[in-house]
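Beneath this line is the structure, given in structure tokens, with notes to follow.
The values are calculated or read from the model by the stated rules, or taken from the named source; none is laboratory data. None of the values given here were measured: they were computed from a predicted structure. FYI the Cβ positions are ideal-geometry reconstructions off the backbone, even for glycines, and counts take in every protein chain you see.
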Amino acid sequence: MGVLSSYTREELAFILCYPTPTASCFNKRVVEASLLGVRRFLRQGKTLINGVPVVGKGTTAIVVAAEHVRGVLAALKIRRLDSNRPSMLREAYILRLANTVGVGPLFLAASKNLLLWRLVRGVSLLEWLKSRKDPEEVKKLFVQLLYQLYLLDKTGIVHTELSRPSGHILVENGKPVVLDFESASLTSKKSNVTQFLSLLLRNTEYSIILRSYIPELPDRGKLREILRQYKRRRDIEYLLKGLKLRDYLTISITT
């Protein structure tokens with residue numbers, strides 16, 4: 001094949017050319033992966049497709065683990081044959097743009113059908129929050145995340161999915177990582193910060209946990225006004241002052 005795999009040939013063809021694999025598609029996509037630097041496909045992941053483990057499965061793509069020639073463990077996103085997306089290149093462009101301000105997993109390579117980034121070995125934000133005991137640790141990560149979302153706002157990238165952060169924000173080694181820019185917009189006037197913080201305006205599990213760790217957060221009425229002003233001003237210091245977390249800004253940026 002030119003690329004090693006811990007999947008069987010049939011399993012790999014099923015994944016690379018889901019949902020209707022053919023020999024022609026399989027051969028082309030193996031070559032495409034090889035040209036991007038994929039050295040080995042890894043049979044791992046908690047999601048099962050007909051009993052075959054993968055890292056993730058969506059309506060437009062499947063994600064598997066892979067070894068990259070740079071010596072990096074990578075996530076390989078594979079465009080489904082029935083996807084309504086013509087290419088992976090737009091998402092690749094947005095991920096690279098996010099990387100310029102230090103946001104998102106490290107971009108590795110992309111082609112029409114494949115997108116590679118460094119695999120994030122973390123847990124969901126909610127899972128991480130549930131496992132914490134130290135409020136200071138939660139405040140530090142919360143501000144780190146808000147700062148990343150502010151950088152996306154300043155760059156003109158709107159994620160669009162952050163009011164539903166499950167699967168889009170992981171915590172790895174105590175730091176937040178924003179994932180999955182598939183639905184991101186470069187023209188929207190919305191704000192990543194306000195989308196995410198809208199969780200605190202509702203009786204969500206995130207809101208309950210975050211307010212238990214950060215009781216100084218403003219009530220919903222005050223928070224609505226802070227978010228309105230932030231959306232107009234795009235000022236992270238104003239935002240964190242309103243959230244009574246301004247002292248954590250420098251700590252979060254430098255650690």
(message) Six or more apart or on different chains, Cβ atoms under 7 Å: show the pairs whose first residue is in the range 78-94 and over 25 Å from residue 155 (Cβ atoms) and whose second is assigned to a loop (DSSP other than H, G, I, E, B) and aromatic (Phe, Trp, Tyr).
(response) 80/18; 81/18
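Here is a yes/no grid of residues against (1) under 23 Å from residue 165 (Cβ atoms); (2) buried (at least 22 other Cβ atoms within 10 Å of the Cβ); (3) in contact with a Cys (Cβ under 6 Å, 6 or more places away or on another chain):
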site: 84; (1), (2), (3): no, no, no
site: 100; (1), (2), (3): yes, no, no
site: 104; (1), (2), (3): yes, yes, no
site: 117; (1), (2), (3): yes, yes, no
site: 120; (1), (2), (3): yes, no, no
(request) Go through (1) within 22 Å of residue 88 (Cα to Cα); (2) over 19 Å from the mean Cα position of the chain (by Cα) one by one and return the number of the condition residue 210 breaks. (result) (1)
(request) Scan (1) more than 16 Å from residue 113 (Cα to Cα); (2) out of contact with any strand residue (DSSP E or B) (no Cβ under 8 Å at 6 or more places or on another chain) for the single condition residue 67 breaks and write down its number. (result) (2)
(message) Given the options 227, 186, 145, 152, name the one that is farther than 25 Å from residue 58 by Cβ, at pLDDT 95 or above and in contact with a helix residue (DSSP H, G or I) (Cβ under 8 Å, 6 or more places away or on another chain).
(response) 227
(request) Show the residue pairs that are 6+ apart or on different chains and have beta-carbon atoms under 8 Å apart, the first residue being within the range 192-215 and part of a loop (DSSP other than H, G, I, E, B), the second being surrounded by fewer than 20 Cβ atoms within 10 Å (Cβ to Cβ). (result) 214/135; 214/138; 214/245
(request) Give the residue that is nearest to residue 92 (Cα to Cα), with candidates limited to residues of the range 12-69 that are in a helix (DSSP H, G or I) and in contact with a Ser or Thr (Cβ under 6 Å, 6 or more places away or on another chain). (result) 32
(request) Could you please find all residues in the range 213-255 being more than 22 Å from residue 164 (Cα to Cα), surrounded by 15 or more Cβ atoms within 10 Å (Cβ to Cβ), within 25 Å of the chain's Cα centre (by Cα) and not hydrophobic (A, V, I, L, M, F, W, C)? (result) 248, 252
(request) Report the residue count in the range 112-140 for those that are more than 27 Å from residue 67 (Cα to Cα), part of a helix (DSSP H, G or I) and in contact (Cβ under 8 Å) with a residue 60 or more places away in the chain. (result) 7
